[in-house]
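A short write-up of the structure that comes next.
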Amino acid sequence: MPDKVMHLAAESHVDRSVDSPGDFIATNVIGTFTLLDAALAHWREHKPSRFVFHHVSTDEVYGSLGPDGYFIESTPYDPNSPYSASKASSDHLVRAWGATYGLPYVLTNCSNNYGSHQFPEKLIPLMVLNALAQKPLPIYGKGDNVRDWLHVDDHVRALVLVAMQGEPGQTYNIGGHNEKTNLDVVQAICDTLARLLPDSNYPFRDLITFVDDRPGHDQRYAIDATKIEQDLGWRPQETFETGLEKTITWYLENQDWCRTVSRGYGQQRLGLGAAKDSKEKATGRDAK
C-alpha cells in the first residue's frame, strides 16, 4: 500500500512562463490540486499509517534577495514571475490541504538544480552545447544575478531523507552552499571545457555575449539549509567545481542524447517573445 507521494512534476522554466503563463497555471496549480485530491482520497480510504504527501518546490517563491541575507523556511513569499507565482500557489494549496483536511505533508524548497539529463533550455546544458557548437553564450544583463547551485544527486538524497524522516507539516529548504553569479557560472563552464578538451584550442570565453535582461529577473537567491542539516543530518556532498566537472563530462559523453532531445529546439533560450511584444507596444514601438 503506497504511503509516500512525492510530487516533483512542474513546468519549471522562467523564460517560458513569461510567454505562456497558462501552461504553468495548468500544470503547477491545477496539477497540484489534482494530485492533492487523489492523495486525500487514497489516504482517507486506505489509512496508511506513515503516509505523507511530499511537495517539491523552489526557492523562487521567496522573491529576490539583496546582497546580504538568506532564505529561511519562514521567509515571506514574494514571487516575481509567472513560474514562481504558480509554485507559490501550489505550496499554499498543499499547506491548506494539511490545515483543512488533515492531509500529512512535507514541503521542500530547493535552489537551482544542475546535473546530467537536464533539458538544454537550462543555463548550464545550454552553455555547454552552445560552446561545443561555437555558438554565442548569451548572458542576461550584466551577468551579476546570483544563484545557489545544487547538484541533482545532493538534491535527490535530501528528497528521500525528507520523505522518509521529515516531520509532517514541516518545510525544509535545500541549498547547495554554492552562490555564483551567472557570469561566474558561464566562465567556469568555458574554463572546464578548455581543460577537458585541450586539443580544441578554442577560446570558449570569447563566445560570451550579453543580452537584454529578462522581465522580473530576481537579483539573488541564497538558501540557509541549517534546518535540514540539524534536523535530518543532510549536507551537500558536491562542491560547484566537482559537480560542474561531472555534469560537463556527462554531456560530452552523451552527445547522442543531447541531439535527440534538442531536435526541433535549436539550443536557444526559450520564451520572452510575449514580454518583448508587450514592452514594445507599451513604448509605442513596432516589433522588429
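Only the coordinates and a few stated rules stand behind these numbers; no lab work does. The structure displayed is predicted, hence computed values, not measured ones.
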How high is the relative contact order of the chain? Use alpha-carbon pairs under 8 Å, at least six apart in sequence, and give a whole percent. 24
For the chain, set up a Gaussian network in which alpha carbons nearer than 10 Å are linked by springs, and say which option among R259, R205, R16 fluctuates the most. R259
The chain: Cα Rg divided by the 2.2 N^0.38 Å rule of thumb: 1.06
If one compares the long axis through the Cα atoms of helix 31-46 with the longest principal axis of the Cα atoms of the chain, the angle in degrees, nearest 10, works out at 30
Starting from the amide H of Y172, placed 1.01 Å from N in the peptide plane, find each other amide H under 5 Å away whose residue is 5 or more places distant or on another chain. L107, T108, N109
Calculate how many DSSP beta bridges within the chain are antiparallel, expressed in % of all such bridges and rounded to the nearest 5. 10
For the chain, modelled as a GNM with alpha-carbon contacts under 10 angstrom, which of W97, W257, W234 fluctuates the most? W257
Please give every one of the aspartates and glutamates within straight-line cross-link reach of K246, meaning a C-alpha to C-alpha distance under 16 Å, and leave out same-chain neighbours fewer than 8 residues apart. D153, D154, D191, E238
Tabulate in residue order the Karplus-calculated ³J(HN,Hα) for region 5-20, using 6.51 cos²θ - 1.76 cosθ + 1.60 with θ = phi - 60°, rounded to whole Hz; enter x for Gly and Pro. 10, 10, 9, 10, 5, 6, 7, 10, 9, 4, 4, 5, 5, 5, 7, 10
The whole-number value in µm²/s of the Stokes-Einstein translational diffusion coefficient for region 46-95, with Rh from the Kirkwood sum over alpha carbon pairs at 25 °C and 0.890 mPa s, is 197
For E179, list long-range residues whose amide hydrogen, built 1.01 Å from N in the peptide plane, is under 5 Å from its own amide hydrogen. W149
Scattering from the C-alpha atoms of region 67-168 alone, worked out with Debye: what is log10 I(q)/I(0) at q = 0.21, 0.24 1/Å? -1.35, -1.45
Using the structure shown, select from K142/K227; K122/K227; K4/K180; K47/K87 the pairs with a Cα to Cα distance greater than 31 angstrom. K142/K227; K4/K180
List, in order, the whole-Hz ³J(HN,Hα) value for each residue of region 245-251 obtained from phi through the Karplus relation with A = 6.51, B = -1.76, C = 1.60 and θ = phi - 60°; use x for Gly and Pro. 5, 4, 5, 5, 4, 4, 5
Assuming 0.36 nm per residue, please report the length gained on full extension of the stretch R235 to R263 beyond their Cα-Cα distance. 6.4 nm
In degrees, nearest 10, the alpha-carbon axis of helix 82-101 is tilted away from the dominant principal axis of the alpha carbons of the chain by 10
To the nearest 10 degrees, how steeply does helix 152-165 sit against the main Cα axis of the chain, on a 0 to 90 scale? 0
List, in order, the whole-Hz ³J(HN,Hα) value for each residue of region 179-184 obtained from phi through the Karplus relation with A = 6.51, B = -1.76, C = 1.60 and θ = phi - 60°; use x for Gly and Pro. 6, 9, 6, 4, 5, 4
